1. Convert each backbone phi in segment 156-168 into a coupling constant with the Karplus relation 6.51 cos²θ - 1.76 cosθ + 1.60 (shift: θ = phi - 60°), then list the ³J(HN,Hα) values in order as whole Hz, x for Gly and Pro.
2. In what order, largest first, do His207, His298 sit by accessible area if the probe radius is 1.4 Å?
3. Using only the alpha-carbon atoms, how far is helix 114-127 inclined from the longest principal axis of the chain? Give it as 0 to 90 degrees, nearest 10.
4. Which of the peptides 35-47, 212-224, 346-358 is most tightly packed, and how do the rest follow, judged by the mean count of other Cβ atoms within 10 Å per residue?
5. Quick one: angle between helix 245-256 and the longest Cα principal axis of the chain, in degrees between 0 and 90, rounded to 10, please.
6. Amide H of Gly214: which non-local residues (sequence gap of 5 or more, or other chain) have their own amide H closer than 5 Å, using H built in the peptide plane?
7. Quick check: the angle from helix 382-392's long axis to the longest principal axis of the chain, C-alpha only, nearest 10 degrees?
8. Give the accessible area for Trp183 in Å² (nearest 10); use a 1.4 Å probe, count only protein heavy atoms, and leave out ligands, DNA and RNA.
Amino acid sequence: MTHDADILIVGGGLNGPALGLALGDAGFTVTIIDALPAGARGEDAFDGRGYALALASQRLLKAIGVWSAVGDHAQPLLDIRISDGRAGEGPGPFVLEFDHAEIDEGPMGFMVEDRFLSRALLDNVRAHPKVTLLDGETVVAQKVGPASVTLTLGSGKTLTGSMVVGCDGRRSGTAERAAIGRWGHDYGQTSLVCAIDHALPHNGVAHQFFMPPGPLAILPLPGNQSSIVWTETHEDAARIQALSDAEYLEVLRPRFGDFLGEISLAGKRFTYPLNLTVANSFVADRLALVGDAAHGMHPIAGQGLNAGLKDVGALAEVLTLAKRRGEDFGRIDVLERYQEWRRFDVTSMVTMTEATNRLFSNDNPILRGVREIGLGVVNAMPGLRRGFIREAAGLTGDLPKLLQGRQI
């Protein structure tokens, strides 16, 4: 039968357009359905939101033709320093430091503002001959047949394709309509997100400071600016977010310290309640889930978008190879190859983030001693430290070709 596109993608955030470009480059026709209206993403104004992209994710963006529009606005991550302590007291005696000079590949990653990454992805999508973007449309129904899937949009329009991919976030309607359940829990924590100007240069160093309520991440942006991801209990986060800018800074300063000199707010302030939510299955017949639609985890290791881009690379590779072999790429037996590829890595990341959050987000004196000894031991062992550096750069495991910087 005739389809409107080979693959229908629900979600126009970051993973959806990235997947659309990867599949379009492989010869698939793709339609992306974005609930937000045209112009709502990639605004010109600085708002402080940014992403810590692992080196492997940067390679994927380069392979799909996006990095050339992003690279000039990116800040290389040259060093990561991890410490433990309490607000107002500074870090403990042991600091774990990851220096990019210990690996041969270059920076461990890059900080990129949301506005630049979103705009580059959408500009490339609109220019791609194989990819169509429908702005301001929502999916209200989906029906899977023997050889196709049909989506009904809020406007009344219907679209047919060989399969559908849900890139529609932690409350994925694509998963819900397919009766795919989820498991997880609330962390009792909320992340406060903002950007700051500071008097002294950051020198490309990212900091992760663990405090009893949750971690404070200080992530370098171009110039004397940094992105802040600051985790507190739900109650305290709501109270802090309600403060004026001046009062907000007064709460942040003892947590932040004075190592970058005087600080001031830049851009907007955001909050994100934290929860773990993992789909019981990443696939169904003629359906796959990518990114937060498949797995949303704690941001403690900064792997949310990086995990989603691994999904993008793996699914694009599975579908492309299946198409080249003449297989019906929307069949469940083909899509299960994607699930098998990604399930172990996701389970490992969930286990690691859960354990790290439980170990560090408390003020237990015994666990504090364990944490400090652990940081000191890892820092004193170059081989183990390099392994963590490669992990942070996204260079370990069975990487899809796009994340190796290679075409499929």
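The values are calculated or read from the model by the stated rules, or taken from the named source; none is laboratory data. None of the values given here were measured: they were computed from a predicted structure. With ideal geometry, Cβ positions are generated from the backbone for all residues, glycine too; neighbour counts draw on all protein chains shown. Side chains included, ligands, DNA and RNA excluded: accessible areas come from the protein's heavy atoms. Shrake-Rupley method; radii C 1.70, N 1.55, O 1.52, S 1.80 Å.
1. Values per residue, Gly and Pro as x: x, 6, 10, 10, 10, x, 6, 6, 10, 10, x, 10, 10 Hz.
2. Ranked from most to least accessible, the order is His207, His298.
3. Taking the Cα atoms of the chain, the angle to 114-127 is about 20 degrees.
4. My ranking of the peptides, most packed first, is 212-224, 346-358, 35-47.
5. Orientation of helix 245-256: about 70 degrees from the principal axis.
6. Distant-sequence amide H within range of Gly214: zero hits.
7. 50 degrees
8. It works out to around 120 Å².
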